[in-house]
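**Q** First, the structure itself, so that you have it in front of you.
The values are calculated or read from the model by the stated rules, or taken from the named source; none is laboratory data. Since the model is a prediction, treat every value here as computed from it, not as a measurement. Note that we place each Cβ from the backbone using ideal geometry, even for glycine, and neighbour counts take in every protein chain shown.
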Amino acid sequence: MKGFAMLGIGKTGWIEKDRPKCGPLDAICRPIVLAPCTSDIHTVWEGAIGERTDMILGHETVAEVVEVGSCVKDFKPGDRVIVPAITPDWNSVEAQGGYQMHSGGMLAGWKFSNFKDGVFGEFFHVNDADGNLAILPDGMDPVAACMLADMVPTGFHGVELSDVQFGDSVAVIGIGPVGLMSVAGAALRGASHIYAVGSRPNCVQLAKEYGATDIINYREGDIVEQIMSKTGNKGVDKVIVAGGDNDTFAQAIAILKPGGKIGNVNYLGEGDYIKIPRIEWGCGMGHKIIAGGLMPGGRLRMEKLASLISTGRLDPGKLVTHRFEGMEGIEPALMLMKEKPKDLIKPVVVINW
């Protein structure tokens with residue numbers, strides 16, 4: 001089989017590999033919709049998780065099952081499935097402790113294009129198929145469903161980590177696809193004011209559609225000053241960090257009320273430390289909590305999020321701005337994520353076998 005791979009830090013290309021083998025609990029799938037991610041960019045061009053050689057990239061897909069192991073009960077060849085970016089080992093002690101995304105070690109539930117080949121190949125392997133695959137509901141657009149693999153659950157996890165409650169004021173820093181899903185999730189959770197930080201016109205418009213009440217354009221002034229001005233110098237109850245860099249945490253701390261929570265779902269791809277401003281953090285005693293987490297994966301998560309699409313509560317298909325056809329579309333779609341033209345939110349690749 002062929003796959004589009006990270007050849008080394010800063011290098012990508014097509015390679016030939018053996019088709020993966022299927023264990024008794026596993027499945028082999030082939031992608032029907034793929035989406036590249038900014039995480040792929042951090043991994044390849046920033047070396048964020050270290051050197052990887054000839055590793056097939058990609059972790060966002062809707063796929064068709066082509067083979068299942070002898071112990072798989074709920075899936076069969078021909079099933080169309082949503083495959084989460086995070087595929088935990090569900091019998092691990094970490095999963096039993098409620099942190100399945102870290103099964104086997106920190107971030108080890110993230111297997112695709114981290115510890116094993118990802119989904120940008122003709123075939124890919126899914127561990128613990130009964131726990132990690134979800135049937136694509138009849139009539140659901142697989143392009144929209146592909147956003148459930150990572151963008152929706154990651155954005156929503158920022159809402160969970162920051163513990164958004166009814167009536168909370170929330171700032172979402174970064175309104176790329178993940179941040180837009182944080183806006184949508186905060187609105188579904190009952191936030192009152194949602195301050196969306198971003199500048200791209202298409203992202204701003206979509207943020208408003210998903211529930212943002214105020215747009216904070218960082219190109220028009222310091223975001224701390226803007227948010228403090230809009231809140232009467234009180235700050236916000238919760239902050240979701242879905243973009244920015246290591247210095248963004250200083251801004252998040254500054255706009256957060258005492259007793260508030262920051263939920264970070266931004267992949268920090270470089271640097272050794274983040275800075276926490278001492279005074280704004282209440283000299284260490286301000287009850288300003290920072291929680292950073294990898295999205296939960298697994299079947300139940302995918303099924304519940306798919307139900308939001310089925311019932312019309314969420315339309316993640318609006319994130320898709322660019323569409324490519326066939327395996328040959330993987331490389332230009334990935335390069336779009338690297339170059340980030342102004343009209344980009346999320347590209348997808350549709351494959352008709």
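**Q** Filtering the stretch 65-123 down to residues that are assigned to a strand (DSSP E or B) and among the β-branched types (Val, Ile, Thr), which residue is surrounded by the fewest Cβ atoms within 10 Å (Cβ to Cβ)?
**A** The initial filter retains those residues of the stretch 65-123 that are assigned to a strand (DSSP E or B), namely 65-68, 80-83, 112, 116, 121.
Going one step further and asking which of them are among the β-branched types (Val, Ile, Thr), we end up with 65-66, 68, 81-83.
Values: VAL65: 22, VAL66: 17, VAL68: 24, VAL81: 24, ILE82: 27, VAL83: 29.
Checking each candidate, the answer is VAL66.
**Q** What strands (runs of 3 or more DSSP E), lying completely within the stretch 236-325, carry at least 1 residues that are of a type outside the set (Phe, Trp, Tyr) and farther than 20 Å from GLY158 by Cβ?
**A** So the answer is 256-264, 320-325.
**Q** Still on this model: May I ask you to say which residue of SER182, SER199, SER192 is closer than 21 Å to CYS37 by Cα, of a type outside the set (Asp, Glu) and not in a helix (DSSP H, G or I)?
**A** Working: SER182 fails: not in a helix (DSSP H, G or I); SER192 fails: closer than 21 Å to CYS37 by Cα.
Going through SER182, SER199, SER192 in turn, just one is closer than 21 Å to CYS37 by Cα, of a type outside the set (Asp, Glu) and not in a helix (DSSP H, G or I): SER199.
**Q** Continuing with the same structure: So GLY221 ticks every box in (1) surrounded by fewer than 17 Cβ atoms within 10 Å (Cβ to Cβ); (2) at negative phi but one. Which box is left unticked?
**A** Single failed check for GLY221: (2).
**Q** Is there any pair with a first residue in the stretch 316-335 that is charged (D, E, K, R) and a second that is in a helix (DSSP H, G or I) whose Cβ atoms are under 9 Å apart and which are 6 or more apart or on different chains, and what are they?
**A** Between residues of the stretch 316-335 that are charged (D, E, K, R) and residues that are in a helix (DSSP H, G or I), the close pairs are LYS318/ALA144; LYS318/LEU180; LYS318/LEU206; LYS318/GLU209; LYS318/TYR210; ARG323/VAL143; ARG323/GLY329; ARG323/ALA333.
**Q** Pull up the stretch 124-170, narrow it to residues that are charged (D, E, K, R) and in a helix (DSSP H, G or I), then point me to the one that is nearest to GLU64 (Cα to Cα). Write out each step before concluding.
**A** Initially, the stretch 124-170 is screened for residues charged (D, E, K, R), giving 128, 130, 138, 141, 150, 160, 163, 168.
If we keep only those that are in a helix (DSSP H, G or I) as well, we get 130, 160.
Numbers: ASP130: 14, GLU160: 31 Å.
Per the stated criteria, the residue is ASP130.
**Q** So, one more: Are any residues in the stretch 174-200 in contact (Cβ under 8 Å) with a residue 60 or more places away in the chain and either within 22 Å of PRO347 (Cβ to Cβ) or not assigned by TED's automatic domain parsing to the domain that holds ASN246 (or both), and if so, which ones? So that I can check it myself, show each step before the final result.
**A** Taking the stretch 174-200 as the starting set, the residues that turn out to be in contact (Cβ under 8 Å) with a residue 60 or more places away in the chain are 174-182, 184, 188, 200.
Passing the criteria: GLY174, ILE175, GLY176, PRO177, VAL178, GLY179, LEU180, MET181, SER182, ALA184, ARG200.
**Q** Okay, next question. Within the stretch 8-37, which residues are crowded, with 16+ Cβ neighbours inside 10 Å, outside any strand (DSSP E or B) and touching a Phe, Trp or Tyr at 6+ places or on another chain (Cβ under 7 Å)?
**A** Selection gives PRO20 alone.
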